[in-house]
Amino acid sequence: MTTLTETSVAGNDDQRNENPEQRNEYRDQRSDHQALESNTGLAGKVRTKAAELAASPKMMVALDVDGTLVNHDGHMSVTVREAAQAVVAAGHEVMIATGRSLNATLPIIEHIGIDTGYAVCCNGGVTLRLDPAHPDGYEIIRKATFDPGPALRALRKRLPMAKYALEDEDGNFLSTERFQDASFGVEAIGVDFQTMLEATAVRVVVFSADNTPEDFNEAIKHIGLAGVTYSVGWTAWLDIAAEGVTKASALEHLRGHLSIESHLTVAIGDGRNDIEMLTWARRGVAMGQAPEEVIAAADEVTLSVHDDGAAHVLRSLL
């Protein structure tokens with residue numbers, strides 16, 4: 001059961017393992033895709049969209065983190081940081097939209113100079129309002145919780161050796177097998193599986209070191225998860241949120257709240273958990289290293305994270 005709570009009490013994006021050969025392959029794929037754009041006339045459409053948005057007085061700009069603003073070592077280049085800071089300084093509504101949990105998102109928000117506005121965490125499960133006057137610098141204004149029991153039972157039956165972690169409604173992480181990840185933002189508390197079944201969840205993460213990404217994907221398809229929203233990462237990694245909750249659903253709620261017209265929206269991302277967000281935005285931009293299904297959902301493709309692709313898009317908004 002999905003619960004949306006409004007309160008004034010103050011999602012890891014896809015995991016990847018890359019090497020230089022893969023990076024070259026991404027660049028080749030990007031070149032092929034850009035050639036296709038020129039041949040089909042899509043490039044002209046993209047330029048028109050960019051011109052429309054750049055001429056607009058105020059835009060809503062949603063930014064993924066891992067694989068978009070930071071590379072797979074968690075490093076943000078000076079070029080990307082300065083471009084993001086410039087768009088913030090220009091007065092646009094710049095907001096992080098990530099699979100990371102709250103405490104792993106806050107340093108990114110600070111790094112690019114956002115002190116007022118909003119942010120979306122946990123793949124849409126948590127929305128923050130940033131306020132420098134608040135004791136914590138933010139407050140949680142929206143949280144989507146769900147009963148993880150049915151999904152966890154189905155997953156455990158099919159993937160008994162996988163590691164499981166769960167963010168509860170109080171922001172704690174519970175995990176089996178001493179499962180830790182930087183995207184949690186806090187140290188997970190080791191618990192037994194039954195305790196996880198009885199918790200109320202904002203986010204569930206599943207990781208299997210014993211399965212190839214292909215086997216893991218096949219297992220998830222076979223399970224046929226119902227009553228939740230989920231996305232599979234680059235490795236054997238799964239993120240689960242409440243039914244109907246995505247980055248896009250949280251962003252749309254904020255867009256309505258801020259009374260920003262839909263044609264003034266921009267989003268940049270690289271993972272499968274960004275597909276809905278890229279489709280939602282008037283200008284959806286996929287990173288150069290994104291998988292084909294993400295590129296297919298986007299209006300355009302920028303350079304890879306290794307080539308500061310996000311900076312190129314951000315500078316076009318100035």
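The values are calculated or read from the model by the stated rules, or taken from the named source; none is laboratory data. Fair warning: this is a prediction, and the values are worked out from it, not measured in the lab. FYI the Cβ positions are ideal-geometry reconstructions off the backbone, even for glycines, and counts take in every protein chain you see. Please note that ligands, DNA and RNA were not included when accessible areas were found on the heavy atoms of the full protein model with its side chains. Shrake-Rupley method; radii C 1.70, N 1.55, O 1.52, S 1.80 Å.
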Practice item. Scan segment 159-180 residue by residue and report those that are within 20 Å of Val245 (Cβ to Cβ) and not aromatic (Phe, Trp, Tyr). Key: Ala165, Leu166, Glu167, Asp168, Glu169, Asp170, Gly171, Asn172, Leu174
Review point. Only one of (1) open to solvent by 10 Å² or more (accessible area, probe 1.4 Å); (2) touching a strand residue (DSSP E or B) at 6+ places or on another chain (Cβ under 8 Å) fails for Val61. Which number is that?
Key: (1)
Review point. Could you give every pair whose Cβ atoms fall below 6 Å, whose first residue belongs to segment 95-122 and is under 21 Å from His257 (Cβ atoms), and whose second residue is open to solvent by 10 Å² or more (accessible area, probe 1.4 Å) and part of a helix (DSSP H, G or I), counting only separations of at least 6 or pairs across chains?
Key: Ile96/Ile108; Ile114/Val88; Cys121/Leu102
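Does Thr302 satisfy the condition of being more than 16 Å from the chain's Cα centre (by Cα), within 19 Å of Asp64 (Cα to Cα) and modelled with pLDDT of 95 or more? Reasoning before the result, please.
Working: more than 16 Å from the chain's Cα centre (by Cα): yes; within 19 Å of Asp64 (Cα to Cα): yes; modelled with pLDDT of 95 or more: yes.
When the stated conditions are applied, Thr302 passes them.
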Point to revise | Positions within segment 253-293 being part of a loop (DSSP other than H, G, I, E, B) and surrounded by fewer than 20 Cβ atoms within 10 Å (Cβ to Cβ), in sequence order | key: Ser259, Ile260, Glu261, Arg282, Pro291
Exercise for review: Please find, among Ala250, Ala296, the residue that is of a type in the set (Gly, Ala, Ser) and crowded, with 24+ Cβ neighbours inside 10 Å.
Suggested key: Ala250
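If you take just the strands (runs of 3 or more DSSP E) that sit entirely in segment 51-156, which of them hold at least 3 residues that are within 26 Å of Val204 (Cα to Cα) and modelled with pLDDT of 95 or more? Lay out the reasoning, then the answer.
Values: elements: 60-63, 93-96, 117-121, 126-130, 138-145.
Strands (runs of 3 or more DSSP E) meeting the threshold: 117-121, 126-130, 138-145.
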Point to revise | Of the criteria (1) surrounded by 14 or more Cβ atoms within 10 Å (Cβ to Cβ); (2) touching a strand residue (DSSP E or B) at 6+ places or on another chain (Cβ under 9 Å); (3) closer than 25 Å to Thr127 by Cα; (4) aliphatic (A, V, I, L, M), which one Ala236 fails | key: (3)
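In this structure, is Thr279 within 15 Å of the chain's Cα centre (by Cα) and under 28 Å from Arg158 (Cα atoms)? I'd like the intermediate steps shown before the answer.
Details: within 15 Å of the chain's Cα centre (by Cα): yes; under 28 Å from Arg158 (Cα atoms): no.
No.
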**Study point:** Selection within segment 246-264 - over 16 Å from Gly117 (Cβ atoms) and in contact with a Leu (Cβ under 9 Å, 6 or more places away or on another chain)
**Key:** Ala248, His263
Practice item. For segment 167-180, indicate whether the set of residues that are in contact with a strand residue (DSSP E or B) (Cβ under 9 Å, 6 or more places away or on another chain), in a helix (DSSP H, G or I) and not aromatic (Phe, Trp, Tyr) is non-empty. Key: no
Review point. Just to be sure, is Val205 within 23 Å of Glu243 (Cβ to Cβ) and either β-branched (Val, Ile, Thr) or out of contact with any Leu (no Cβ under 6 Å at 6 or more places or on another chain) (or both)?
Key: yes
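Pull up segment 86-110, narrow it to residues that are hydrophobic (A, V, I, L, M, F, W, C) and over 21 Å from Asn273 (Cβ atoms), then point me to the one that is surrounded by the fewest Cβ atoms within 10 Å (Cβ to Cβ).
Our first condition is that a residue be hydrophobic (A, V, I, L, M, F, W, C); within segment 86-110, this holds for 86-90, 94-97, 102, 104, 106, 108-109.
Still in the list and also over 21 Å from Asn273 (Cβ atoms): 86-90.
Values: Ala86: 17, Val87: 23, Val88: 20, Ala89: 11, Ala90: 14.
Ranking the qualifying residues of segment 86-110, first place goes to Ala89.
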